[in-house]
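The values are calculated or read from the model by the stated rules, or taken from the named source; none is laboratory data. Worth saying up front: this structure is predicted, and the values here are computed from it rather than measured. Here Cβ is always computed from backbone atoms with ideal geometry, including for glycine, and neighbour counts include all displayed protein chains.
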Amino acid sequence: MSFRSVEKSVHWHPAFDRLLETVRGCGPHGQLVDVREALRPALSPDRPLVILCPHADDGAITAACLLHEYAVRLGMPVVEVLVFAGERNVAAPWLNTEKKVTVREAEFRLECNVLGAESVCWELEAYHMPGYQPTAADVDKVVSWFAARRPGAVIVPPANDAHVAHRVTRALAAIGLVGARLADCLVLTGWTPWGPLPQPNAYLAYDGEAERTKEWAIHCHASQVLLTDYTKFCSHLGRAYAALTREWAEGHSLAGRAHRTDERFVGVELF
């Protein structure tokens, strides 16, 4: 039945058509694809998978299983970029500001070692600016880095993320891509515990071994785990996403092949 046909309703009101227009073209279930299908043509030995982490632990929370899959299991170049290295949210009053920064950077590099990714710290001046607004030097650094590294795919925070640093990171990614003229770079929005993705359309199903790697990566950030148990949070969220993805994914299967069952998968990262 077309939306226009409801004009025959005895309760018809002109506003009804405008309301129904909001869901026109949404499509049916089955719009999620395995994220590896999208990444296959985008990545190569000289076009790495890059994730921009507003904070040191965002890579582990967002896409640890995906990063480990490509860096270790597939042997592809993977780069984690710490956009804002700083002292905030380090509950160690006995440390000065410089030491707190060192702690967070060390945790970040340890996580990258666990996941097999290259670690990069931008150390932008924007961290100390109101609203994380980048300076001219920050913009030059970001564009130059994108031009030199030429990522094949980049993972950024979602548009609806409540953290200002996360939203600025997303804007910096756009600045880097436009400035470096990387029109062919695949842009992914990573999952987040801070709110649901607006319109997820890709997933990575992970098994128990990958989940343990994700837990290890999160535990690298002792200064943060002491404040919030992200390990349990991400485990429960990943398993919830797995249940939802079985309904959203084509054929209601996470395996993608008839001879493999869903039981070996314990969670899902969404993109």
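Within the stretch 127-148, the set of residues being surrounded by 12 or more Cβ atoms within 10 Å (Cβ to Cβ), over 19 Å from VAL79 (Cα atoms) and out of contact with any Phe, Trp or Tyr (no Cβ under 9 Å at 6 or more places or on another chain) comprises MET129, GLN133, PRO134, THR135, VAL139, ASP140.
Is it the case that some residue within the stretch 202-209 is assigned to a helix (DSSP H, G or I) and over 13 Å from LEU66 (Cβ atoms)? Steps first, please.
Taking the stretch 202-209 as the starting set, the residues that turn out to be assigned to a helix (DSSP H, G or I) are 208-209.
When the remaining residues are screened for being over 13 Å from LEU66 (Cβ atoms), the result is 208-209.
Yes: the stretch 202-209 contains one or more residues that are assigned to a helix (DSSP H, G or I) and over 13 Å from LEU66 (Cβ atoms).
How many of the residues in the stretch 11-35 are touching a helix residue (DSSP H, G or I) at 6+ places or on another chain (Cβ under 8 Å) and either touching a residue at least 24 places away in the same chain (Cβ under 8 Å) or not in a loop (DSSP other than H, G, I, E, B) (or both)? Please lay out each step first, then the result.
Taking the stretch 11-35 first, the residues touching a helix residue (DSSP H, G or I) at 6+ places or on another chain (Cβ under 8 Å) are 12, 16-17, 20-21, 24, 29-33, 35.
Okay, now just the ones that are also either touching a residue at least 24 places away in the same chain (Cβ under 8 Å) or not in a loop (DSSP other than H, G, I, E, B) (or both), so 16-17, 20-21, 29-33, 35.
Final tally of qualifying residues: 10.
Considering only the stretch 67-81, state which residues are in a helix (DSSP H, G or I) and either charged (D, E, K, R) or buried (at least 19 other Cβ atoms within 10 Å of the Cβ) (or both). Break it down stepwise before answering.
To start, the set of residues in the stretch 67-81 that are in a helix (DSSP H, G or I) comprises 67-73.
Across the stretch 67-81, the qualifying residues are LEU67, HIS68, GLU69, TYR70, ALA71, ARG73.
Select, from GLY152, GLY195, GLY208, the only residue that is closer than 22 Å to LEU115 by Cβ and under 16 Å from the mean Cα position of the chain (by Cα). Before you say what the answer is, go through the steps one by one.
Values: GLY195 fails: closer than 22 Å to LEU115 by Cβ; GLY208 fails: under 16 Å from the mean Cα position of the chain (by Cα).
After ruling out the rest, the residue left standing is GLY152.
Scan the stretch 104-119 for residues that are under 23 Å from LEU177 (Cα atoms), crowded, with 18+ Cβ neighbours inside 10 Å and either among the hydrophobic types (A, V, I, L, M, F, W, C) or in contact with a Pro (Cβ under 8 Å, 6 or more places away or on another chain) (or both) and jot them down. Walk me through it before giving the result.
Restricting attention to the stretch 104-119, the residues satisfying the condition of being under 23 Å from LEU177 (Cα atoms) are 117-119.
Restricting the remaining residues to those that are crowded, with 18+ Cβ neighbours inside 10 Å gives 117, 119.
Residue satisfying the conditions is ALA117 alone.
In the set ALA159, ALA137, ALA165, ALA174, only one residue is more than 23 Å from LEU43 (Cα to Cα), within 21 Å of the chain's Cα centre (by Cα), assigned to a helix (DSSP H, G or I) and not polar (S, T, N, Q); that residue is ALA165. Scanning the stretch 218-249 for residues that are under 15 Å from the mean Cα position of the chain (by Cα) and aliphatic (A, V, I, L, M) yields ILE218, LEU237. Among residues of the stretch 181-194 that are part of a loop (DSSP other than H, G, I, E, B), those with a beta-carbon under 9 Å from a residue that is of a type in the set (D, E, K, R) and modelled with pLDDT of 95 or more at least six positions away or on a different chain give the pairs LEU182/ARG150; ASP184/ARG47; CYS185/ARG47; CYS185/ARG150. Just give me the residues in the stretch 199-258 being surrounded by fewer than 21 Cβ atoms within 10 Å (Cβ to Cβ), charged (D, E, K, R) and modelled with pLDDT of 75 or more, in sequence order. Matches in the stretch 199-258: ASP207, GLU209, GLU211, ARG212, GLU215, ASP229, LYS232, ARG239, ARG246.
Go through the stretch 151-169 and give me each residue that's charged (D, E, K, R) and either touching a residue at least 40 places away in the same chain (Cβ under 8 Å) or touching a helix residue (DSSP H, G or I) at 6+ places or on another chain (Cβ under 8 Å) (or both). Full working, then the answer.
Taking the stretch 151-169 as the starting set, the residues that turn out to be charged (D, E, K, R) are 161, 167.
Of everything in the stretch 151-169, just one residue is charged (D, E, K, R) and either touching a residue at least 40 places away in the same chain (Cβ under 8 Å) or touching a helix residue (DSSP H, G or I) at 6+ places or on another chain (Cβ under 8 Å) (or both), namely ASP161.
Within the bounds of the stretch 13-27, is there any residue that is at pLDDT below 80, over 18 Å from the mean Cα position of the chain (by Cα), more than 28 Å from ILE175 (Cβ to Cβ) and among the aromatic types (Phe, Trp, Tyr)? Looking for residues that are at pLDDT below 80, over 18 Å from the mean Cα position of the chain (by Cα), more than 28 Å from ILE175 (Cβ to Cβ) and among the aromatic types (Phe, Trp, Tyr), one finds none in the stretch 13-27, hence no.
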